[in-house]
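J.: Supplied in structure tokens, the structure appears directly below.
The values are calculated or read from the model by the stated rules, or taken from the named source; none is laboratory data. Model, not experiment: these values are computed from the prediction. Virtual Cβ from ideal backbone geometry, glycine too; neighbours counted across all protein chains shown.
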């Protein structure tokens, strides 16, 4: 089954404790990206990757890191989480870039205390 | 600035009513794509439609239709004869370069 998976689905952590949210897709898509969803703000793009070893900032990259060492994986790293990073996070992938349909993961709800 | 505005934060209708969700965008690009996504209460994001900037033809898919007007920078979405299962948050999105910009979303509630 073609899908994007994210882990964990739910996470409660404390300020400053490094964490990684994993994202994996099995569709051989070149483009992957991370979004955060907050009430009243819609989805905002954090980082994106056009292909392996090619990543770039989206609209809200502060406090986040990413890497793309393999085509299928695109982990999101919070080196020192803060309460304002409490949000619902979505990973997405697509063939060729933003001009095509994005396939979204199920979301990760993160709470930073 | 490139921006997507969905001015309707919440809409509530009774089943079988028609409802239109507005989307207005700003862009300096001549080539761009517009999208609609649906987020039902279960939380996943579901692709509904893609339209490129050179194709202003309206599109109909069952009870769904989309009206793209470059002159007013709008890409509105109409649901005909709404059903309870249409209750969801609907997002409009605009491609810009290698990025994707979403609107704030419209929460649609269809009451029986």
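J.: Looking only at region B:5-39, how many residues end up being in contact with a helix residue (DSSP H, G or I) (Cβ under 8 Å, 6 or more places away or on another chain) and not in a strand (DSSP E or B)?
T.: 1
J.: Further, regarding this structure: So, of the residues in region B:69-99 that are modelled with pLDDT under 95 and in contact with a strand residue (DSSP E or B) (Cβ under 7 Å, 6 or more places away or on another chain), which turns out to be farthest from residue A:61 (Cα to Cα)?
T.: Across region B:69-99, the extreme among qualifying residues is B:95.
J.: Mind listing just one residue for me: the one in region B:73-96 that is touching a residue at least 60 places away in the same chain (Cβ under 8 Å) and assigned to a loop (DSSP other than H, G, I, E, B) and, of those, surrounded by the most Cβ atoms within 10 Å (Cβ to Cβ)?
T.: B:82
J.: Moving to a separate point now. Which condition does residue B:110 not pass, out of (1) within 14 Å of another protein chain (Cβ to nearest Cβ); (2) in contact (Cβ under 8 Å) with a residue 60 or more places away in the chain, if it passes all the others?
T.: That leaves (1) as the condition not met.
J.: Spot the failing condition for residue B:49; the list is (1) touching a strand residue (DSSP E or B) at 6+ places or on another chain (Cβ under 8 Å); (2) within 28 Å of residue A:46 (Cα to Cα); (3) within 14 Å of chain A (Cβ to nearest Cβ); (4) surrounded by fewer than 17 Cβ atoms within 10 Å (Cβ to Cβ), and only one is missed.
T.: (4)
J.: Of these, B:44, B:104, which one is in contact (Cβ under 8 Å) with a residue 24 or more places away in the chain, within 14 Å of chain A (Cβ to nearest Cβ) and not in a strand (DSSP E or B)?
T.: Going through B:44, B:104 in turn, the sole match is B:104.
J.: Mind checking which strands (runs of 3 or more DSSP E) fall wholly inside region A:1-104 and carry at least 2 residues that are facing chain B (nearest Cβ under 9 Å) and surrounded by 15 or more Cβ atoms within 10 Å (Cβ to Cβ)? Lay out the reasoning, then the answer.
T.: On the way: elements: A:4-7, A:10-13, A:19-25, A:31-38, A:42-51, A:54-57, A:76-78, A:87-94.
The qualifying strands (runs of 3 or more DSSP E) are A:31-38, A:42-51, A:87-94.
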